[in-house]
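Below is one structure, written out as structure tokens, with a few remarks after it.
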């Protein structure tokens, strides 16, 4: 088996991409798709075991990958990591700013440390990575950056720290797209909604019970798949998106549109998922659902 991408198999032949948070979830899936399309993929993550495992998967599938351990919240670590990747691969064509993390909590229960940790992970880290790839190479060679945000358009109750950080990243995307356009750099973002990914299994039991009901609030009446996010990221990185910059794409099955109280959602099974990821694994929390 190999990745069943909808794109041309040599789309990124000879090109190099960084994928932060490449050791799991959407980052892992995207790294596999890029590698299947001929790219050299530099996996970046905080835990060596995770990125090394995904590197081994890609090599086993016939792709090219390297692994770097980096805490994107630390400026000097980001600078050194980008420099090492450029030295190893000789250049850089794109970055998927995917690394992130948060914990469920009402605002009143988030202390300063928890708030600042999530902001640093989901906003500051993405800024540092984007700035460094620009300053260390893309300011001369051009390229494409895709930031991963979230469905935070109506606020993010229960995860206000993450919502604030993601909204900041959306605004950063627009600013960077304007400031860096003169160097031939495009900056976009994707905002996944509820995606069936391994991260769902990391939440506490109460949150997992909520996760099992989420598809009922999606007009397409299902959760998204990692490959459905990866394909959008891949297109934004490609030359087919050469005139798209400063935009954020919602990948949420229309869940962020309208008001279900005013327009109840009929149940159906008419939405057919696309899953080209040959190594995809259904989260445990969803395995008992039909």
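The values are calculated or read from the model by the stated rules, or taken from the named source; none is laboratory data. Here the structure is a predicted model, which means the values were calculated and not measured. Ideal geometry is used to build each Cβ from the backbone, glycine not excepted, and the neighbour counts take in all protein chains shown.
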| message | Which pairs turn up if I take residues in the range 58-74 that are touching a residue at least 24 places away in the same chain (Cβ under 8 Å) and on the phi > 0 side of the Ramachandran plot and look for partners that are surrounded by fewer than 19 Cβ atoms within 10 Å (Cβ to Cβ) and part of a loop (DSSP other than H, G, I, E, B) with beta carbon separation below 7 Å, at least 6 apart in sequence or on another chain? | response | none
| remark: Within the range 204-220, residues being buried (at least 16 other Cβ atoms within 10 Å of the Cβ) and assigned to a loop (DSSP other than H, G, I, E, B) number 3
| request: Check residue 235 against each of (1) assigned to a helix (DSSP H, G or I); (2) under 25 Å from residue 274 (Cβ atoms); (3) at pLDDT 90 or above; (4) within 13 Å of the chain's Cα centre (by Cα) and name the one condition it does not meet. | output: (4)
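Yes/no per residue for (1) surrounded by fewer than 18 Cβ atoms within 10 Å (Cβ to Cβ); (2) free of Cβ contacts under 8 Å to residues at least 12 places away in the same chain; (3) assigned to a loop (DSSP other than H, G, I, E, B):
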site	(1), (2), (3)
188	no, no, no
199	yes, no, no
240	yes, yes, no
257	yes, no, yes
262	yes, yes, yes
266	yes, yes, yes
269	yes, no, yes
| Looking at the range 170-184, is at least one residue under 27 Å from residue 285 (Cβ atoms), in contact with a strand residue (DSSP E or B) (Cβ under 7 Å, 6 or more places away or on another chain) and either touching a residue at least 40 places away in the same chain (Cβ under 8 Å) or in a helix (DSSP H, G or I) (or both)? | no
| note | Within the range 267-290, residues modelled with pLDDT of 85 or more and over 27 Å from residue 61 (Cβ atoms) come out as 267, 268, 269, 270, 271
